[in-house]
Amino acid sequence: YENMTFLEAVKMLGERAGVALPQTSMSEEDRKERGIRDRLLEINKIAATYYYRQLRSENGKAGLDYLKKRELSDSTINSFGLGYATQSTGNLYKLLKDKGYDDDILKESGLFTYERGIHEKFWNRVIFPIMDINNKVIGFGGRVMGDAKPKYLNSPETRLFDKSRNLYGLNIARTSRKPNMIICEGYMDVISLHQAGFTNAVASLGTALTAGHAALIKRYVNEVYLTYDSDEAGTKAALRAAPILREAGVTTRVIRMEPYKDPDEFIKNLGTEAFQERIDAAESSFMFEISVLEKNYKQSDPEGRASFMKAMARRLLEFPQELERNIYIDAIAGRYGIASEELKRMLKSF
């Protein structure tokens with residue numbers, strides 16, 4: 001149910017039952033690395049608690065007002081551990097120093113910059129703690145209040161945080177018991193979908209979907225729905241992600257968001273039932289690719305249509321299995337009003 005490895009499960013159950021597991025022999029280097037990682041996890045936990053409390057203090061009013069304006073409930077805010085980094089900085093650094101953490105380990109945390117003095121990386125931002133599959137805080141994302149740039153800021157890569165191998169919301173989505181996952185672009189889309197009951201939503205962390213993400217997803221489900229933004233950038237992101245997921249053996253479908261930009265905006269305007277209808281109507285990633293390809297050719301012009309058909313045929317050749325290729329040939333033939341046999345003959349000419 002938790003989709004843990006055997007060793008992860010034994011460790012979790014041991015901690016729950018208060019049973020100390022026998023220590024395996026570790027090299028001095030391994031012990032040192034383990035110690036650093038454990039201390040970084042402690043620092044992140046303290047920071048997450050600090051940001052969480054700041055959001056609920058008088059100093060956090062701007063952050064809380066922003067989240068309420070985005071129509072998030074208290075329960076949702078608490079579930080995701082959302083917090084706030086105030087405009088005045090220095091308190092988090094002092095808190096960690098008072099707890100005995102030195103600058104060597106604080107530099108490793110990614111919470112501070114050490115150029116021209118010591119400064120907190122996150123300030124005047126709503127904070128999104130990023131957790132691994134075991135609900136340990138491994139990094140943070142921050143959304144600035146106002147129009148400053150960058151709009152969103154993530155923790156840098158650390159010993160704990162590798163954005164190409166982690167997904168926001170996966171710690172919850174992996175236990176949703178749903179046979180698929182919904183992949184979004186950002187924190188707010190994931191949170192909005194979870195609040196609406198779609199608890200299988202995740203997002204990559206400020207980076208394009210990678211083979212590492214696809215392998216991680218494959219551990220839990222065999223099918224995903226892409227809900228990237230409906231603008232040009234979102235379309236390109238979906239086109240890049242689909243073949244990566246396909247290569248990992250994950251069936252991919254694309255949810256159309258029009259006339260709205262993203263899931264958060266869609267649900268606020270049309271509601272959860274309408275979003276479920278879009279899920280039910282989602283098309284395969286290949287048919288989505290073909291519909292995007294079609295826009296590059298003038299269909300009313302014979303030469304343009306012929307070029308489109310050739311380009312489409314080349315895409316069909318990318319399917320190594322004849323059965324799967326023939327299924328898509330029939331689907332394309334039905335959509336564009338051409339004979340399946342004509343398409344098959346065209347493929348043989350390449």
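When every residue of the range 208-216 is checked against the conditions, at least one turns out to be closer than 24 Å to Val292 by Cα, of a type outside the set (S, T, N, Q) and modelled with pLDDT under 90. Scanning the range 43-61 for residues that are open to solvent by 50 Å² or more (accessible area, probe 1.4 Å) and either part of a helix (DSSP H, G or I) or among the aromatic types (Phe, Trp, Tyr) (or both) yields Lys45, Thr49, Tyr52, Arg53, Glu58, Asn59, Lys61.
Within the range 99-114, if we keep just the residues that are touching a residue at least 24 places away in the same chain (Cβ under 8 Å) and not in a helix (DSSP H, G or I), the residue that is most open to solvent (accessible area, probe 1.4 Å) turns out to be Lys99. Identify the single condition in (1) of a type outside the set (A, V, I, L, M, F, W, C); (2) at pLDDT 95 or above; (3) buried (at least 17 other Cβ atoms within 10 Å of the Cβ) that Thr86 does not satisfy, given that it satisfies every other one. Thr86 satisfies every listed condition except (2). Applying the criterion of being among the small types (Gly, Ala, Ser) and without any contact (Cβ under 8 Å) to a residue 40 or more places away in the chain to the residues of the range 227-258, the residue that is most open to solvent (accessible area, probe 1.4 Å) is Ala233. Where strands (runs of 3 or more DSSP E) fall wholly inside the range 115-217, the ranges with 1 or more residues that are touching a residue at least 40 places away in the same chain (Cβ under 8 Å) and of a type in the set (S, T, N, Q) are 152-154, 180-184, 201-204.
Of all residues in the range 5-30, those being without any contact (Cβ under 8 Å) to a residue 12 or more places away in the chain and surrounded by 12 or more Cβ atoms within 10 Å (Cβ to Cβ) number 5.
Specify the residue that is farthest from Met188 (Cα to Cα); the eligible residues are those in the range 225-241 that are in a loop (DSSP other than H, G, I, E, B) and polar (S, T, N, Q). Selected residue: Ser230. Just one residue in the set Val224, Val190 is under 19 Å from Glu265 (Cβ atoms), modelled with pLDDT of 95 or more and open to solvent by less than 10 Å² (accessible area, probe 1.4 Å); that residue is Val190. Checked against the criterion of being under 16 Å from the mean Cα position of the chain (by Cα) and more than 28 Å from Gly60 (Cβ to Cβ), the candidates Asn154, Asn180, Asn171 yield just one match: Asn180. Among residues of the range 65-83 that are free of Cβ contacts under 8 Å to residues at least 12 places away in the same chain, none has a Cβ under 8 angstrom from a residue that is open to solvent by less than 20 Å² (accessible area, probe 1.4 Å) at a sequence gap of 6+ or on a separate chain. Of all the listed residues (Asn180, Asn171, Asn200), the sole one being open to solvent by 10 Å² or more (accessible area, probe 1.4 Å) and at pLDDT 95 or above is Asn180.
Scanning the range 197-245 for residues that are out of contact with any Ser or Thr (no Cβ under 9 Å at 6 or more places or on another chain), hydrophobic (A, V, I, L, M, F, W, C) and within 17 Å of Asp132 (Cβ to Cβ) returns Val202, Ala203, Ala215, Leu216, Ile217. Taken together, Leu67, Leu40, Leu96 contain a single residue that is open to solvent by less than 10 Å² (accessible area, probe 1.4 Å), in contact with a strand residue (DSSP E or B) (Cβ under 7 Å, 6 or more places away or on another chain) and assigned to a helix (DSSP H, G or I), which is Leu67.
The values are calculated or read from the model by the stated rules, or taken from the named source; none is laboratory data. Worth saying up front: this structure is predicted, and the values here are computed from it rather than measured. Positions of Cβ are generated from backbone atoms using ideal geometry, with glycine treated the same way; all protein chains shown enter the neighbour counts. Each accessible area value is taken on the protein alone, full model and side chains, heavy atoms only, with ligands, DNA and RNA left out. Shrake-Rupley method; radii C 1.70, N 1.55, O 1.52, S 1.80 Å.
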